[in-house]
C-alpha cells in the first residue's frame, strides 16, 4: 500500500522539463541570489489575492533567478481558499494547484539538491496547508456512537484537491535520496511530528492513508526521531483508552507499529515489553475495538512470534479484558486467542491453562449460538 501511494501521480519527465542543479543554489550562480536566514518559527505569509497570478516555468527563466522564483511559488502555495463554494476563486485555485504540481515535479525529478532555505520554506508552506483544526467528528454533531470508519466513505475533506498534492510533495521530499536527514531534521522536528500525529484523527480516510505512509517513512529515515514517535503514539493510545475512546486513526497507527514491531531486535528491550502491557493489550478494552482489531491482533501476534515467553502475558491480558455482554467482540477475542495459541509453546501454555480453559468453558456454555458452535 505504501508503494502504491508513493507511485501515485508520477509522470515521466522530458528533457525540456529538467531543471539545472543550480536552481537550488548548488551551481556556480547560486551566490547571486543568496538570501539572509530567517527565524524558523516565523510562518510564511501568503501573498495578497491580487498577486495570485501564474508564474513562469523554471526552464523559462535565467538560472540566477530560479531560487527567487522557487520562493515566490512557495508563497502562492501558502494561500488558503474556501472550498465550500467550488466556483469561488476558481481561477486562483487552479493557479495554486498547477504551482503545487510543478513543485512536486521538481522534487520528484531529483535533478539537484535544494538549498536549505528553500527546504525550510517548503516545509513551512506544507505546514500552512496541512496543519489546521479538524472539523468536529460526525458523532460530535449528531450525538450518535462513532461508527466503524471502514463501513462507508464517511467525511471527505473539501480542500482535498490541494491537500492531496501537498501531502504528495511532503512524501516525495521525505523519500528522496537527495534529502539530507541532517538538514531535514531541523525542519521535520518533534513539533512537526506531533502536528502530523494530531492529523491522524481526521475522518477522511484518504488523509489518514497519506499520513500513515509519510509517518512510516519519517520513522525509517530519521532514526533520531524513532523513540519520540513511539512515545507520542503511546500517548495517543493512553488518551484513547482511558479518556475518550474516540479516535479515527487508531487502525492506521497500529499498521505503522506492526512494521516497527517486526523490526525489533532480540532480546527485546524492556521499553517494548512495557508498550505491549500498557498500551497494546489495554487497546482490547474500548468499545470500538472492532474498528481496529485486525491491526491490533497483528501487532500482538508479532510480539509473541518475536518472543514466545510473552505468550502467557498476552493470554492473561486477553482474559482480563474479555467481554461479558458483547458477543461480536467476544468472537474477535476467540479468533485472536486461536492465533496466539498457535504461536505459544508448551511451557507458557501450562502457566495459563487453568484460567484459559475456564473462559473457554464459559464460551461453550454461552446461549449465543456463534460462541457455542
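Here, each number is a calculation from the coordinates, and none is a lab measurement. Given the structure is predicted, the values throughout are model-derived calculations rather than measurements. Every residue, glycine as well, gets a Cβ built from its backbone with ideal geometry; the counts of neighbours run over all protein chains shown.
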**Prompt:** Where does each of 255, 53, 102 land when they are ranked from fewest to most other beta-carbon atoms within 10 angstrom?
**Reply:** 53, 102, 255
**Prompt:** What's the percent breakdown of Cα-Cα distances in the range 223-373 across 5 Å bins, shortest bin first?
**Reply:** 1, 9, 19, 21, 21, 14, 9, 3, 1, 0, 0
**Request:** Within 10 Å of each residue's Cβ, count the other Cβ atoms and sort 333, 187 from fewest upward.
**Result:** 187, 333
**Item:** Exposure proxy order (Cβ contacts within 10 Å, fewest to most) of 172, 186
**Value:** 186, 172
